[in-house]
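The values are calculated or read from the model by the stated rules, or taken from the named source; none is laboratory data. If you're wondering where the values come from, they're calculated on a predicted model, not measured in any experiment. Here the Cβ is made from the backbone with ideal geometry for all residues, glycine too, and neighbour counts use every protein chain on show. Surface accessibility is based on the protein's heavy atoms, side chains included, excluding ligands, DNA and RNA. Shrake-Rupley method; radii C 1.70, N 1.55, O 1.52, S 1.80 Å.
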Amino acid sequence: MTAQSIRDAALFHFAKDGYEGASLRAIADEVGIKKPSIYAHFSCKDDLFLHTLAFAFQEVQRHTLEYFRDHADMPLGHRLKGLLEWFEQEYHAHASARFMLRNCFYPPLSLYSEVMDLVYPFIDGMERALSRLLQRAMRDGDLPPIPAEQAAIAFMTFLDGITVEIIYGSSRRYKRRLEAAWPVFWQGIHHLKEVQNVVPEGDLTS
């Protein structure tokens, strides 16, 4: 239970103050333990940070799956646009989303490789899930035949582009970009059958 309590306190402090600003002493004080007691569960600040970040990714993934489950009856376009609207709300409501998103864009330099080892599997997993969702929509007749993998990658690229505004901009700017770009994206993927498939990774300069 103490390890979980330390992780929960660390999630709050890392999300609020970042890796550099978060204090192990403040985390220990919040849990009601002495700072050295943290080392009975985590070997160092880096270890605590990475365990907490992995938990944050799991929480965001769980909440995303719950979103799709709870909105399964919505038309596909409304569900996907709704996910983008929901994600902004998730960022403001949950420290796990704030912690995860900020480290996707601005990981600690000393832990860059370790953080990317969490970021890329998460993104790849989201792309695979979206690809399956799009394939199901095509089978059900809700979407014309399109290269589902390419459309999923395009959606994640869209999400990546506008979520910068959550961190560095404002809710107004986020909504403005979403409303401007969504019709272009949604109409665009309906014509992907006319576009060549995704260039294989590693062949972008050929």
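Does Y19 satisfy being touching a helix residue (DSSP H, G or I) at 6+ places or on another chain (Cβ under 7 Å), open to solvent by 10 Å² or more (accessible area, probe 1.4 Å) and of a type in the set (S, T, Y)?
When the stated conditions are applied, Y19 passes them.
Yes or no, residue by residue, for (1) hydrophobic (A, V, I, L, M, F, W, C); (2) within 27 Å of A15 (Cα to Cα); (3) assigned to a helix (DSSP H, G or I):
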| position | (1), (2), (3) |
| --- | --- |
| M100 | yes, yes, yes |
| P107 | no, yes, no |
| R128 | no, no, yes |
| A137 | yes, no, yes |
| D142 | no, no, no |
| I146 | yes, no, no |
| A152 | yes, no, yes |
| A180 | yes, no, yes |
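Residue by residue through the range 1-52, note down the ones that are assigned to a helix (DSSP H, G or I) and of a type in the set (S, T, N, Q).
Correct list: T2, Q4, S5, S37, T52.
Please work out which one of (1) open to solvent by 30 Å² or more (accessible area, probe 1.4 Å); (2) closer than 21 Å to F14 by Cα is the condition T163 fails and give its number.
Result: T163 passes all but (1).
Identify, please: which residue in the range 136-159 is in contact with a helix residue (DSSP H, G or I) (Cβ under 8 Å, 6 or more places away or on another chain) and charged (D, E, K, R) and is, among those, nearest to D124 (Cα to Cα)?
Here the residue is E149.
Taking the range 119-153 as the region of interest, how many residues are more than 18 Å from M74 (Cα to Cα) and of a type in the set (A, V, I, L, M, F, W, C)?
9
Looking at L80, L84, L50, can you tell me which residue is touching a residue at least 24 places away in the same chain (Cβ under 8 Å), within 23 Å of K175 (Cα to Cα), touching a helix residue (DSSP H, G or I) at 6+ places or on another chain (Cβ under 6 Å) and of a type outside the set (G, A, S)? I'd like the intermediate steps shown before the answer.
Values: L80 fails: touching a helix residue (DSSP H, G or I) at 6+ places or on another chain (Cβ under 6 Å); L50 fails: within 23 Å of K175 (Cα to Cα).
The unique qualifying residue is L84.
Go through R69, R79 for me and flag whichever is among the basic types (K, R) and open to solvent by less than 40 Å² (accessible area, probe 1.4 Å).
Criteria check complete, one pass: R79.
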